[in-house]
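First comes the structure, then the notes that go with it.
The values are calculated or read from the model by the stated rules, or taken from the named source; none is laboratory data. Predicted model only: the values in this text are computed from it and were never measured. Ideal geometry is used to build each Cβ from the backbone, glycine not excepted, and the neighbour counts take in all protein chains shown. Just so you know, the surface numbers come from the protein's heavy atoms only, side chains and all, with ligands and any DNA or RNA stripped out. Shrake-Rupley method; radii C 1.70, N 1.55, O 1.52, S 1.80 Å.
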Amino acid sequence: MLGKYRKNTKPILNKISRVISTLPISPNTFTFLAIPLSFIATYFLYHSNFLLGSLFIIFAILIDFLDGSFAAAKGQKSYFGNYFDAVVDKVVESIIYLGLSFHYPLLAFICFASTMLISYAKPRVALVIETDNHDWPAIGERSDRLLLLILGLISLSFIKSIDPLEIILIIIAIVNIIGFIQRVIYAKALIKKAQKENKILPYLK
């Protein structure tokens with residue numbers, strides 16, 4: 001859902017990226033910085049400092065938001081960079097759930113597993129038919145999951161009567177599972193359409 005509004009922030013991101021593009025690092029190195037930031041977040045999550053943990057998660061997310069425009073500002077956009085960005089995104093989410101697993105082992109595992117499922121359901125179609133990264137009609141985008149997670153972590157510092165993060169993790173798990181089912185159903189429709197049009201990839205015939 002939030003991903004649809006990302007293009008609205010592009011002018012601001014481009015201005016920020018032009019400033020930080022003076023850093024003497026490559027775009028892929030800039031993208032990689034999200035990983036150590038997520039490890040720092042996990043360190044604070046392990047020590048129950050959820051406010052600082054959420055802060056470093058936000059820093060890691062900002063890297064993801066800026067890396068494309070950072071590469072453009074440097075004139076070093078690449079196809080591998082596009083691929084590497086997506087891989088790092090999954091590594092970052094995995095590390096974050098590692099930090100949460102010390103406090104919510106079962107919920108963190110379910111959220112992590114369902115996150116991997118919803119992420120895999122979309123690109124796997126490309127091994128059956130030719131497809132692109134158009135908007136799929138499914139809930140549970142990465143930006144939505146991380147926003148919910150950050151809200152839950154920050155809420156822990158102010159709400160004591162209940163555990164808001166536990167509730168948020170349950171919501172994320174449910175949203176992921178529903179989104180995964182939606183993507184599988186949509187993938188089935190795409191494959192059926194391609195089959196009728198004889199557009200199944202040749203190696204499967």
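Points worth noting:
- Diffusion of the range 1-159 by Stokes-Einstein, at 37 °C in a medium of 0.692 mPa s and with Rh set to the Kirkwood radius over alpha-carbon pairs, works out to 196 µm²/s.
- Pairs from LYS122/LYS192; LYS122/LYS199; LYS90/LYS192 whose Cα-Cα separation, in the structure shown, is over 23 Å: LYS90/LYS192
- Of all aspartates and glutamates in the structure, the ones whose alpha carbon falls short of 18 Å from that of LYS196, not counting any fewer than 8 places away in one chain, are GLU130.
- Shape descriptor for the range 103-196: Rg over Rh equals 1.10 (Cα atoms; Rh from the Kirkwood inverse mean 1/r).
- The modelled label-to-label distance for the pair SER161/SER78, using points 7 Å beyond Cα in the direction of Cβ, is 5.4 nm.
- Value of [θ]222 nm, deg cm²/dmol, for the chain, DSSP H segments ≥ 4, -39500 (n - 2.57) each, nearest 500: -23500 deg cm²/dmol
- Solvent-accessible area per residue in the range 122-180 equals 53 Å², computed with a 1.4 angstrom probe and all protein chains kept.
- Of the solvent-accessible surface of the range 48-119, computed with a 1.4 Å probe over protein heavy atoms with every protein chain present, carbon and sulfur atoms account for 74 percent.
- 12 Å beta-carbon shell around SER155, net charge (K/R +1, D/E -1): -1
- Residue-normalised accessible area of the range 51-106, given per residue in Å² at a 1.4 Å probe: 49 Å²
- GNM flexibility winner over the chain from LEU149, LEU33, LEU165 (Cα, springs under 10 Å): LEU33
- Excluding same-chain neighbours fewer than eight residues apart, the aspartates and glutamates reachable from LYS15 by a Cα-Cα span under 14 Å are ASP67.
- Net charge, ALA34 excluded, C-beta distance under 15 Å - Lys, Arg +1, Asp, Glu -1: -3
- In the range 110-205, chymotrypsin sites (Phe, Trp or Tyr not before Pro) in a DSSP loop with at most 15 other beta-carbon atoms within 10 Å: PHE158
- Estimated FRET transfer efficiency (ASN198, LEU98; beta-carbon r; R0 45 Å; 0.05): 0.50
- Packing-based ranking, highest mean first, of 20-32, 136-148, 187-199 given that Cβ atoms within 10 Å are counted: 136-148, 20-32, 187-199
- Inter-probe distance in nm under a simple model that places probes 7 Å from Cα toward Cβ, at SER143 and ALA113: 3.0 nm
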